[in-house]
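Undergrad: My questions will all concern the structure given below.
Only the coordinates and a few stated rules stand behind these numbers; no lab work does. These numbers come from a predicted model, not from an experiment. Virtual Cβ from ideal backbone geometry, glycine too; neighbours counted across all protein chains shown.
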Amino acid sequence: MSRIGKKAVSIPSGVTATRSGNELSVKGPKGTLTMPMSEFISYDVQSDAIGVTPANDTKRARAFWGMHRTLVQNLVTGVTEGFNKKLLITGVGYRAAAQGRNLKLQLGYSHDVNIDVPEGIEVKTPDATTIEISGADKQKVGQLAAEIRRWRKPEPYKGKGIKYAGEFIFRKEGKKK
């Protein structure tokens with residue numbers, strides 16, 4: 001049995017959850033998020049909680065149980081608090097600048113890297129070496145952070161590149177004379 005799936009997702013005040021057709025939608029102060037419902041999972045939407053249980057006793061339904069409960073929890077957390085990721089840029093001449101719905105990165109290439117910011121996501125650059133990504137949808141926030149990091153992953157010798165805040169980069173010793 002799923003230990004995560006057994007717990008119902010509590011709905012705080014100011015948040016409403018509704019089922020319509022094959023979608024579960026959650027509306028709160030930070031916006032509205034929707035999720036397609038799985039046929040293997042049954043959702044019990046009440047005024048104060050959302051219960052998630054397997055629709056039948058198949059192995060696939062039990063496998064989806066905990067994951068779908070976590071996806072529902074992410075919807076509720078997203079519309080109440082939101083999610084954020086912080087990226088740190090290390091390297092001489094590496095910098096970032098947010099310009100409206102665009103992020104301009106200078107990462108040592110012969111050209112600047114311009115990244116379009118999707119709707120519902122906010123990108124801030126408090127200084128030239130820090131990027132803060134925030135939004136209600138956890139998947140979109142994480143995906144944008146991964147796409148930005150992909151342009152220049154941290155290398156193990158000097159640690160230059162883009163890394164997540166709190167990420168440990170295993171450093172290697174260089175050549176010895």
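Undergrad: Once you've got the GNM for the chain with C-alpha springs shorter than 10 Å, pick whichever of GLY93, GLY78, GLY142 has the biggest mean-square fluctuation.
TA: Answer for the Gaussian network model of the chain: GLY93.
Undergrad: Taking the beta-carbon count within 10 Å as an exposure proxy, list LYS176, LYS27 from fewest neighbours to most.
TA: Placing the least packed residue first, the sequence is LYS176, LYS27.
Undergrad: Using a simple charge model, +1 on the beta-carbon of Lys and Arg, -1 on the beta-carbon of Asp and Glu, nothing else, what dipole does the chain show about its Cα centre, in debye to the nearest 20?
TA: Working: 30 positive and 17 negative charges, 241 e Å.
That gives the chain a dipole magnitude of about 1160 debye.
Undergrad: Going by C-beta contacts inside 10 Å, put ASP137, ASP57, ASP48 in order with the fewest on the left.
TA: ASP57, ASP48, ASP137
Undergrad: Once every DSSP H run of n ≥ 4 in the chain is given -39500 (n - 2.57) and the sum is divided by its residues, what mean residue ellipticity at 222 nm do you get, rounded to the nearest 500 deg cm²/dmol?
TA: Calculated from helices alone, the mean residue ellipticity at 222 nm is -7000 deg cm²/dmol.
Undergrad: Pick from THR18, THR58, THR129 the residue whose mean-square fluctuation is largest in a GNM of the chain, springs joining Cα atoms under 10 Å.
TA: Sorting by GNM fluctuation, first place goes to THR58.
Undergrad: While we're here: For ILE148, ILE115, which order do you get if you count the other beta carbons within 10 Å of each Cβ and list the fewest first?
TA: Values: ILE148 22, ILE115 18.
With the fewest neighbours first, ILE148, ILE115 line up as ILE115, ILE148.
Undergrad: Then there is this: Could you tell me the distance between the Cα centroids of the range 17-58 and the range 85-104, to the nearest Å?
TA: When both Cα centres are located, 37 Å separates them.
Undergrad: Each residue of the range 140-152 in turn: what ³J(HN,Hα) in whole Hz from Karplus with 6.51, -1.76, 1.60 and θ = phi - 60°, glycine and Pro shown as x?
TA: Once θ is set to phi - 60°, the couplings for the range 140-152 become 5, 5, x, 5, 5, 4, 5, 5, 5, 5, 4, 5, 7 Hz.
Undergrad: Separate question: How far apart, in nanometres, would the label points at LYS124 and LYS27 be if each is projected 7 angstrom from Cα along the Cα-to-Cβ direction?
TA: In this crude label model, LYS124 to LYS27 measures out at 2.8 nm.
Undergrad: For the range 76-82, in order, what is each residue's ³J(HN,Hα) by Karplus, 6.51 cos²θ - 1.76 cosθ + 1.60 with θ = phi - 60°, in whole Hz (x at glycine and Pro)?
TA: Values per residue, Gly and Pro as x: 5, 5, x, 7, 9, 9, x Hz.
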